[in-house]
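J.: First, the structure itself, so that you have it in front of you.
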Amino acid sequence: MFRVTTRLNLAPELTLYQVQKLDTYDSQIVEVAEDLCRVLGLKPQVRQLRWVDRVTRSKVNSDDFRFALGLAAFPDRMRGKLEPKEWRPLIASTLIFRKIFARNPPGSILVTVLALFVLLVIGAGILVTLFGASASGLPFFLYAILVCCPVYVNGISRATKKRRLQADLEAARIFGKEELLSVLRKIDGMGLPDVIETEKRGFSRHFSGKPSVAERIANLSLTK
């Protein structure tokens with residue numbers, strides 16, 4: 001957990017948005033984001049707001065938003081489907097994850113790195129024994145790609161997903177669980193393709209750090 005502070009000194013040039021460049025709906029969302037930055041004690045990072053489907057080929061999920069280099073990217077399929085105030089808990093959770101939890105990686109990432117190192121050493125030893133040092137290059141490469149890489153990606157993804165769910169719990173603690181649950185349930189009931197696809201993930205779910213909407217709802221529902 002972290003301490004919430006309402007102290008935030010902003011220089012005029014760090015204004016989060018310029019209202020005249022946004023329509024009413026967008027400007028209200030940015031006002032919500034600006035208020036959250038104050039509550040969480042974070043410096044504003046957003047200079048522009050855009051509604052897009054993807055950012056560098058990665059889909060912007062319907063229950064999330066992205067921000068980097070002064071640009072906030074919201075999912076275009078969600079524009080107008082939520083009231084500006086309903087974006088508040090979603091933005092809060094993302095800000096908490098991106099700006100706080102992401103700076104402090106969980107210990108499980110270190111465990112994953114150590115496990116990967118052990119696998120590489122053991123694998124190299126076995127392959128050298130079986131094929132000899134001169135002929136073990138290709139087998140070791142295949143071993144690293146087919147065994148070690150999946151183990152590493154799975155470990156990092158699990159740690160990331162855990163932190164995302166923790167961010168939800170922290171947002172719920174600060175702003176109220178029911179507010180976040182209500183919005184997630186509303187999104188879950190919209191029948192959006194990306195939400196449905198995420199729910200139907202099979203084996204690939206082990207290699208994604210993004211919890212589904214259903215997983216977020218279940219995670220919050222278990223807390224008092």
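J.: Could you check ILE196 against (1) touching a residue at least 40 places away in the same chain (Cβ under 8 Å); (2) over 24 Å from LYS85 (Cα atoms) and say which number it fails?
T.: Looking at each condition in turn, ILE196 falls short on (1).
J.: A further question on this structure: Which pairs do you get when a residue that is among the hydroxyl-bearing types (Ser, Thr, Tyr), found in segment 125-145, comes within reach of a residue that is modelled with pLDDT of 85 or more and in a helix (DSSP H, G or I), reach meaning Cβ atoms under 7 angstrom, with the pair 6+ apart or on two chains?
T.: TYR143/GLY123
J.: Separate question: Within the bounds of segment 47-56, is there any residue that is under 25 Å from LYS177 (Cα atoms), modelled with pLDDT of 75 or more and either basic (Lys, Arg) or open to solvent by 20 Å² or more (accessible area, probe 1.4 Å) (or both)?
T.: At the first step, the residues of segment 47-56 found to be under 25 Å from LYS177 (Cα atoms) are none.
No, segment 47-56 contains no residue that is under 25 Å from LYS177 (Cα atoms), modelled with pLDDT of 75 or more and either basic (Lys, Arg) or open to solvent by 20 Å² or more (accessible area, probe 1.4 Å) (or both).
J.: When you look at ARG88, is it of a type in the set (Lys, Arg), surrounded by 15 or more Cβ atoms within 10 Å (Cβ to Cβ), modelled with pLDDT of 85 or more and under 19 Å from ARG38 (Cα atoms), yes or no?
T.: Numbers: of a type in the set (Lys, Arg): yes; surrounded by 15 or more Cβ atoms within 10 Å (Cβ to Cβ): yes; modelled with pLDDT of 85 or more: yes; under 19 Å from ARG38 (Cα atoms): yes.
Criteria met by ARG88.
J.: Sticking with this structure for a sec: Taking the conditions exactly as written (at pLDDT 85 or above, over 27 Å from ILE96 (Cα atoms) and of a type outside the set (A, V, I, L, M, F, W, C)), does GLY202 satisfy them or not? Give the steps one after another, and end with the answer.
T.: Numbers: at pLDDT 85 or above: no; over 27 Å from ILE96 (Cα atoms): yes; of a type outside the set (A, V, I, L, M, F, W, C): yes.
Here the answer is no, as GLY202 does not meet what is asked.
J.: Do we find a residue being within 19 Å of GLU170 (Cα to Cα), of a type in the set (Gly, Ala, Ser), modelled with pLDDT under 85 and not in a helix (DSSP H, G or I) anywhere in segment 68-85? Full working, then the answer.
T.: Here is the first cut: in segment 68-85, the residues within 19 Å of GLU170 (Cα to Cα) are 85.
Within this subset, residues satisfying the condition of being of a type in the set (Gly, Ala, Ser) are none.
Scanning segment 68-85 turns up no residue that is within 19 Å of GLU170 (Cα to Cα), of a type in the set (Gly, Ala, Ser), modelled with pLDDT under 85 and not in a helix (DSSP H, G or I).
The values are calculated or read from the model by the stated rules, or taken from the named source; none is laboratory data. Everything quoted here is computed from the prediction, not taken from an experiment. Reconstructed Cβ throughout: ideal geometry from the backbone, glycine too, with neighbour counts over all protein chains shown. Only protein heavy atoms, including side chains, enter the accessible area calculation; ligands, DNA and RNA are left aside. Shrake-Rupley method; radii C 1.70, N 1.55, O 1.52, S 1.80 Å.
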